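Heads up: the structure comes next, in structure tokens.
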Amino acid sequence: MKTLNKDAADVLRRANVNAVTDVTGFGLFGHTYEMADRSGVRIQLESERFPAIDGALDLARKNIRTSGDPRNRDFAGRHLTLQGVPETLVALGYDPQTAGGLLVSLPAQQGAALEAEFASGRLFLRRVGTVEEGAGVLVV
């Protein structure tokens, strides 16, 4: 939310990505569900790898939620399987960011090269999951 997606998008235009979406009003879970559904796959997210801006986890621990949280739970919740994920991280997944980062899917063998290119440009990148056969979203 602190940086525009322009530079990251410029790097991704040169990469061989399968899918890209900006994480905005539907939150990470909503956009991940849409990506999985439209691609006919299951996406497994690793909740301990979720990025968070300063203070977000503290607010989630205090049970402070945005007004879009219930709407996003209604939209994506039935398509998620949560396995032992703390509610604090579940709240981050449903949070409806209005200027979030990009969610990118690309072949696994290209991950290291993309990470290196982002690092050389001092751009933030974090792997948060994997794509597998199946449907829906599994959050561990």
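Can you check what the net charge comes to around Thr21, using other residues whose Cβ is under 11 Å from the Cβ of Thr21 (Lys, Arg +1; Asp, Glu -1)? Write down the numbers at each step before the final one.
On the way: positive: Arg38; negative: Asp22, Glu34.
Once all neighbours under 11 Å are counted, the net charge is -1.
So for the chain, averaging the separation of alpha carbon pairs under 8 Å that are six or more residues apart and normalising by length, what relative contact order in percent results?
Numbers: 211 pairs, mean separation 67.1, N = 140.
Once divided by the residue count of the chain, the mean separation gives 48 percent.
Using θ = phi - 60° and the Karplus relation 6.51 cos²θ - 1.76 cosθ + 1.60, list the HN-Hα couplings for the stretch 17-29 in order, rounded to whole Hz, with x at every Gly or Pro.
8, 8, 7, 9, 8, 8, 7, 10, x, 8, x, 4, 5
Which of the GluC sites (Glu not before Pro) found in the stretch 41-140 are in a DSSP loop and have at most 10 neighbouring Cβ atoms, other than their own, within 10 Å?
Values: sites: Glu46, Glu48, Glu87, Glu115, Glu117, Glu132, Glu133; in loops: Glu46, Glu133.
Here the GluC sites (Glu not before Pro) that fit, given the DSSP loop and packing criteria, are Glu133.
Once Rh for the stretch 51-118 is found with the Kirkwood sum over Cα pairs, what is the Stokes-Einstein diffusion coefficient at 25 °C and 0.890 mPa s, in µm²/s?
Values: Rh = 14.1 Å.
For these conditions, the coefficient is 174 µm²/s.
When the distances between all Cα atoms of the stretch 6-139 are binned every 5 Å from zero, what whole-number percent does each bin get?
P(r) over the stretch 6-139, rounded to whole percents: 2, 10, 20, 23, 20, 14, 8, 2, 0.
Quick one: dipole size for the chain, taken about the Cα centre, charges +1 on Lys/Arg Cβ and -1 on Asp/Glu Cβ, in debye to the nearest 20. Write out the running numbers ahead of the final one.
Details: 16 positive and 17 negative charges, 35 e Å.
The calculation lands at about 160 debye.
For the stretch 5-10, what does the Karplus curve 6.51 cos²θ - 1.76 cosθ + 1.60, with θ = phi - 60°, yield as ³J(HN,Hα) per residue in whole Hz, taken in order and with x for Gly and Pro?
7, 4, 5, 5, 5, 4
Bear in mind these aren't lab numbers, they're just calculated from the coordinates by the rules spelled out. It should be emphasised that the depicted structure is a prediction, and the values quoted were computed from it without experimental measurement. Positions of Cβ are generated from backbone atoms using ideal geometry, with glycine treated the same way; all protein chains shown enter the neighbour counts.
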